[in-house]
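**Student:** Provided herewith is a single structure, encoded as structure tokens, for subsequent inquiry.
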Amino acid sequence: LRSYLRDESSRLRRLRRFYEKVQALHQDPEASVDNPLLAFSLIKRLHSDWANIIYSDEATMNTQALYAGLREVEQELPGAEDLDGAARALMRLQDVYALSVKGLANGLFQSAGHPPLYSPGRRVPLSADDCFHVGKVAYDTGDYYHSIAWLEEAVSLFRLSYGSWNMEDRSSLEDALDHLAFSYFMAGNISHALSLSREFLRYDPSNQRVSRNVAKYQKLLEMGTGASGSGEGTWSPPALSSPDALLGSLCPQPAPEPLLHLSCSYETNSSPYLLLQPAKKETVRIQPYVALYHDFITDDEAETIKGLAGPWLQRSVVASGEKQQKAEYRISKSAWLKDTADPVVRALERRIAAVTGLDLRPPYAEYLQVVNYGLGGHYEPHFDHATSMKSPLYRMKSGNRIATIMIYLSEVEAGGSTAFIYANFSVPVVKNAALFWWNLQRNGNGDGDTLHAGCPVLAGDKWVANKWIHEHGQEFRRPCSADPQD
């Protein structure tokens, strides 16, 4: 596009020079007859020079070069799925962080009465067309709670700029009014749907479909249906399950509560590997047991692992019965790295084994999973361990996942915390640190308190590396206790 603009600007400058020459010759019409030199110049301009300019192939060549350049990068450009996913990500951030839609449209990440969760260096407001597209994505899936909020903002912005058209816009005030009216109708606010439809007809009085809608809404109101006239809609947010409801309060990082029996320590874990450089351990919780190991990986090691995984990243999947599939509740890309992929991966596996005291030799642990959470990337509440014997985890024939270690390979500007739902705490992203917890109790039962979620990334690019360790091979490293309930 930059090349096309440069070439077209050059062509238009030449066209302007020709115009100015002809204009200069025409400034004194009588002189063109009296002065043979002026007459010759004018005749030449209007015969051969004019044809060269008007019938030049340059404009066509520039356009063809633009199309050829587009075709070269077309496969790498975002598609419809990416655009709709980005719109859903904005709605996810709106919900989890209680962000104002009007604030988001103005480039602010703020909930009512609270300081901003994130203050970007450059505020990027959304256009009316941008807001319309987010609302349209919600509308197309029958999510009228979100469609009303975003389409209201789109209508408000379109009203301010009505009559000025942008070539890149794919929607208009009429489109926004049409979709918003039906959203209000589906939400039960028929009076406001009628008001918006009447406004639509002021701009497009010949639209028969909307005229029929107006008649329908009037009849329903006369029958006493949907008499709300507040204009604010009667639709409330969809009911959330208990874990999801807690997620909204855990993801905006709460002020840490002072907790007893927690400590920071240098740990060798009786491992020669850690004698010269002990692990920096912070005990985050006792139940469930969660520990954070600071400076677990270096910047160079983190960049190496991200670079190794980058070419292999694919949309993350989740276990569904005996299969694995994509799901809206997990938005990320992931790749798997064997310990033979690079000496850095091999060294990291040795470090994990030393810190945890567990056996990571195949098949007692899974390959290192590298995950990238981009725009609004998240993972809704889930257990790492299998809760059904049909889970594909058991195909490894090495038992359930006894423990998880998650290494933060990057920092994020806002969001992205790991929230433990039932235990009611969250751990923010700490670059180069590793978060460890036991998924199973000593008796082999799953620990319900390890239900956790990856909070949506509000700003930044979150990279983590997960290592899941299985229970077989750990019998003498984490033995059963005398108490069968433990």
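**Student:** Applying the selection to segment 193-212, what residues are open to solvent by 40 Å² or more (accessible area, probe 1.4 Å) and not hydroxyl-bearing (Ser, Thr, Tyr)?
**Tutor:** Matches in segment 193-212: Arg198, Arg202, Asp204, Pro205, Gln208, Arg209, Arg212.
**Student:** Sticking with this structure for a sec: Tally up the residues in segment 107-122 that are open to solvent by 40 Å² or more (accessible area, probe 1.4 Å) and over 19 Å from Val412 (Cα atoms), please.
**Tutor:** Count: 3.
**Student:** Now for a separate question. Give me the pairs: first residue in segment 283-300 and assigned by the TED database to the domain that holds Trp437, second residue of a type outside the set (Asp, Glu) and open to solvent by 50 Å² or more (accessible area, probe 1.4 Å), beta-carbon distance under 7 Å, and six or more apart or on different chains, which are they?
**Tutor:** Thr283/Leu262; Thr283/Ser263; Ile286/His261; Tyr293/Lys280; His294/Lys280; Asp295/Lys280
**Student:** Out of the residues in segment 73-106 that are at pLDDT 90 or above, open to solvent by 60 Å² or more (accessible area, probe 1.4 Å) and not aliphatic (A, V, I, L, M), which is nearest to the chain's Cα centre (by Cα)?
**Tutor:** The extreme case among them is Arg88.
**Student:** Also: Show me the strands (runs of 3 or more DSSP E) found entirely inside segment 323-423 where at least 1 residues are of a type in the set (D, E, K, R). Talk me through it step by step, then tell me what you get.
**Tutor:** Working: elements: 323-325, 333-337, 368-373, 378-382, 401-408, 412-415, 418-420.
Result: 323-325, 333-337, 378-382, 401-408, 412-415.
**Student:** Does Ala39 satisfy the criteria of being free of Cβ contacts under 8 Å to residues at least 12 places away in the same chain, surrounded by 13 or more Cβ atoms within 10 Å (Cβ to Cβ) and over 30 Å from Leu375 (Cα atoms)? Break it down stepwise before answering.
**Tutor:** Details: free of Cβ contacts under 8 Å to residues at least 12 places away in the same chain: yes; surrounded by 13 or more Cβ atoms within 10 Å (Cβ to Cβ): yes; over 30 Å from Leu375 (Cα atoms): yes.
Here the answer is yes, as Ala39 does meet what is asked.
**Student:** Within segment 146-171, track down each residue that is among the acidic types (Asp, Glu) and either at pLDDT below 95 or in contact with a strand residue (DSSP E or B) (Cβ under 7 Å, 6 or more places away or on another chain) (or both). Show your work before the answer.
**Tutor:** Within segment 146-171, the first condition is being among the acidic types (Asp, Glu), and the residues that meet it are 152-153, 168-169.
Scanning segment 146-171 gives Glu168, Asp169.
**Student:** With the requirement that a residue be farther than 25 Å from Tyr97 by Cα and crowded, with 23+ Cβ neighbours inside 10 Å, what does segment 437-464 give you?
**Tutor:** Trp437
**Student:** Within segment 1-41, work out how many residues are modelled with pLDDT under 80 and not β-branched (Val, Ile, Thr).
**Tutor:** Of all residues in segment 1-41, those modelled with pLDDT under 80 come to 25-35, 38-39.
Then drop every residue that is not not β-branched (Val, Ile, Thr), which leaves 25-32, 34-35, 38-39.
Summing the residues that are modelled with pLDDT under 80 and not β-branched (Val, Ile, Thr) in segment 1-41 gives 12.
**Student:** Next up: Residues Ser172, Ser164: which one is over 29 Å from the mean Cα position of the chain (by Cα), open to solvent by 30 Å² or more (accessible area, probe 1.4 Å) and closer than 26 Å to Leu83 by Cβ?
**Tutor:** Working: Ser172 fails: over 29 Å from the mean Cα position of the chain (by Cα).
Residue meeting the stated conditions: Ser164.
**Student:** Still on this model: What residue, of Phe185, Phe158, is open to solvent by less than 30 Å² (accessible area, probe 1.4 Å) and in a helix (DSSP H, G or I)?
**Tutor:** On the way: Phe185 fails: open to solvent by less than 30 Å² (accessible area, probe 1.4 Å).
Criteria check complete, one pass: Phe158.
The values are calculated or read from the model by the stated rules, or taken from the named source; none is laboratory data. Everything numeric in this text was worked out from a predicted model, so none of it was measured. For neighbour counting, all protein chains shown are included, and Cβ atoms are generated from backbone atoms with ideal geometry for every residue, glycine included. Remember, those area values only see protein heavy atoms, side chains included, never the ligands or the DNA or RNA. Shrake-Rupley method; radii C 1.70, N 1.55, O 1.52, S 1.80 Å.
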